[in-house]
Amino acid sequence: MTVWDDLVGQDRVSAVLDAAARDADALVTAAAADEPLPEASKMTHAWLFTGPPGAGRNQAARAFAAALQCVSPDRALGGTPGCGFCDGCHTALLGTHADVTTVAAVGAEILVKDMRDTVRKSFTSPANGRWQIILVEDAERLNEKSANAVLKAVEEPAPRTVWLLCAPSIEDVLPTIRSRCRHLNLSTPSVEAVADMLVRRDGVEPAVAASAARATQGHVDRARRLATDPAARERRAAVLKLPLRLDEVGACLKAAQELVDAAAEDAKQLAEEMDGKETEELKAALGAVQGGRLPRGTAGVMKDLEDMQKRRRTRTQRDSLDVALGDLTAFYRDVLALQLGTRVAIANADAEDALQRLARGSSPESTLRRIEAIAACREALDRNVAPLLAVEAMTMALRAG
Ligand SMILES: [Zn+2]
């Protein structure tokens, strides 16, 4: 097992990153031993990861960050950097490595004030002598000012600084920035690759894995959640029942409220599951006695973890609502496929009755209009419109008739 195993269906990207991580490791090792630095290197100081949602662009960047920080003794024996288990890998993956700074948008834009400390840090040497890594998860949300701050830093990087920028597509990033980055594009993994990963890695029953992979259409995280979490399956089942319920205004408003509440509840549950365990793990790693005080000077690391967890809660809520909207879109796409007589790509075979009823009871034009209403809702949420308002507008537009 290595950090690359988590990237599903991205063999080409993994190979490029693995080669770069090996060269990066050779560079660090030579410098530490005061030996001449290798001349040719596949390592470079700025990378741009693009790809559709769910393909794993953030995971690819994070796996690379882990490989760059890997301190496994196996490396000296020809092992690949990125063991996934050593202290460097583990903390980089968890988001608590002192030399890996993550920038993720909380609102619609990443503001220059949120980038200032990060840019300053990018000009300093890494604390552990390997790499100073800045991982920007939503580079498409950099606004003009914050993008310019990043550009300056990418133009004149400190010798050991690595920028990892993630965005849906190359057009989402300023040309001046992307021309300085090595670009890697991830593709949507196949349904088969996702199902295979669920069986192999997560021990999911093949039939459940296949159905989860098909329902989520190559979105790796969502497939895993659907296959392993009964609550996620319940939420999806409830979402797929929505279209038939939307007959009058009252029902539409109620459905909207339910969608928003379910997303908030989902974020809360996930936080309860993960936060406590991570906090305990970090405390143990920092050398705290059980239930006792933390050693001096470790408060900053704990604060970093809390900040990451807070960001994650906000994102989970947004993502969870987006999952529901994705399920709805897939549902109406299936309705459209039935109406047009193309049976090839039915994602929701388990909701066939509801699909058939809607397909018979409406026209392809109205189905298209509904798919557009869901897209409009997603865009509104992206612009930070209040979730309930955006979702109400959508459920009203989805109303049957
Ligand atoms: Zn490692």
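The values are calculated or read from the model by the stated rules, or taken from the named source; none is laboratory data. This is a predicted model, so every value here is computed, not measured. Every residue, glycine among them, receives a Cβ derived from its backbone with ideal geometry; neighbour counts consider all protein chains shown. Quick note on the areas: whole protein, heavy atoms, side chains included, nothing else; ligands and nucleic acids left out. Shrake-Rupley method; radii C 1.70, N 1.55, O 1.52, S 1.80 Å.
Highest GNM mean-square fluctuation, the chain, Cα pairs closer than 10 Å: which of Gly297, Gly218, Gly54?
Gly297
Once both axes come from the Cα atoms, what is the angle between helix 144-155 and the longest principal axis of the chain, in degrees from 0 to 90, rounded to 10?
40 degrees
DSSP loop trypsin sites (Lys or Arg not before Pro) in the stretch 293-384 with at most 11 other Cβ atoms within 10 Å of their Cβ, which ones?
Arg293, Arg296, Arg343, Arg383
Please work out the FRET efficiency for the pair Arg201 and Leu77, using the Cβ-Cβ distance as r and a Förster radius of 41 Å; give the result to the nearest 0.05.
Taking R0 as 41 Å, the efficiency between Arg201 and Leu77 is 0.95.
Using 0.36 nm per residue, how much length does the chain from Lys241 to His183 gain when fully extended, once their Cα-Cα distance is taken away?
Contour length minus the Cα-Cα distance gives 16.7 nm.
Amide H neighbours of Leu142 under 5 Å, counting only residues 5+ apart in sequence or on other chains, H built in-plane at 1.01 Å?
Ile110
Return the aspartates and glutamates within reach of Lys254: Cα separation strictly under 17 angstrom, same-chain partners fewer than 8 residues apart disregarded; answer none if there are no such residues.
Glu265, Glu392
On the principal axes of its Cα set, how long, how wide and how thick is the stretch 3-185? Give whole Å, largest value first.
That works out to 46, 35, 30 Å along the principal axes.
What angle, in degrees between 0 and 90 and rounded to the nearest 10, separates the Cα long axis of helix 387-398 from the longest principal axis of the Cα atoms of the chain?
Between the helix axis and the principal axis of the chain, the angle is about 40 degrees.
Excluding ligands and nucleic acids, what accessible area in Å² is computed for Leu368 using a 1.4 Å probe, to the nearest 10?
Per-residue accessible area (Leu368): approximately 80 Å².
Modelled label-to-label distance, Arg383 and Ser125, 7 Å Cα→beta-carbon offset: nm?
4.9 nm
Can you list the chymotrypsin sites (Phe, Trp or Tyr not before Pro) in the stretch 38-129 that are in a DSSP coil and have 16 or fewer other beta carbons within 10 angstrom?
Phe85, Phe123
Using only protein heavy atoms and a 1.4 Å probe, report how much of His45 is accessible, in Å² to the nearest 10.
Rounded to the nearest 10, the figure is 60 Å².
From the protein chains alone at 1.4 Å, what is the descending order of accessible area for Asp34, Asp196, Asp23, largest first?
Asp34, Asp196, Asp23
How many Å² of accessible area per residue for the chain, probe 1.4 Å?
Per residue, the chain has 49 Å² of solvent-accessible surface.
Let me know the Rg and Dmax you get for the chain when you use only its Cα atoms, in Å.
According to the Cα coordinates of the chain, Rg and Dmax are 22.9, 75 Å.
Over 10 Å intervals from 0, what percent of Cα-Cα pairs in the stretch 249-400 sits in each interval?
Percent of Cα pairs in each bin: 10, 29, 25, 16, 12, 7, 2.
Which one of Leu388, Ala19, Ser362 is farthest out on the positive end of the charge dipole of the chain, using unit charges on Cβ (Lys, Arg +1; Asp, Glu -1) and the Cα centre as origin?
So the residue furthest toward the plus end is Leu388.
Please report the carbon-and-sulfur percent of the accessible area for the stretch 21-96; probe 1.4 Å, protein heavy atoms only, DNA, RNA and ligands left out.
So the carbon and sulfur contribution to the accessible surface is 58 percent.
Across 5 Å bins from the origin, how do the percents of Cα pairs in the stretch 123-222 run, short distances first?
Percent of pairs per bin, in order: 2, 12, 17, 14, 11, 11, 12, 11, 8, 3, 0.
Report the extension gain between Glu365 and Met396 in nm, rounded to one decimal, defined as 0.36 nm multiplied by the number of residues separating them, less their alpha carbon distance.
Gain in length upon complete extension: 9.5 nm.
If I compute solvent accessible area with a 1.4 Å probe over the protein chains, what percent of it on the stretch 249-400 is carbon and sulfur?
Summing carbon and sulfur atoms, their accessible area is 54 percent of the total for the stretch 249-400.
Compute the helix-to-body angle for 112-122: its Cα long axis versus the longest principal axis of the chain, expressed 0 to 90° and rounded to tens.
It works out to around 30 degrees.
Sketch the reach of a paramagnetic label on Lys42 as a point 7 Å from Cα along Cα-to-Cβ, and name the residues of the stretch 75-101 whose backbone nitrogen lies under 19 Å away.
75-84
Restricting to DSSP H runs of at least four residues, report the calculated mean residue ellipticity at 222 nm for the chain, -39500 (n - 2.57) per run over all residues, nearest 500 deg cm²/dmol.
-19500 deg cm²/dmol
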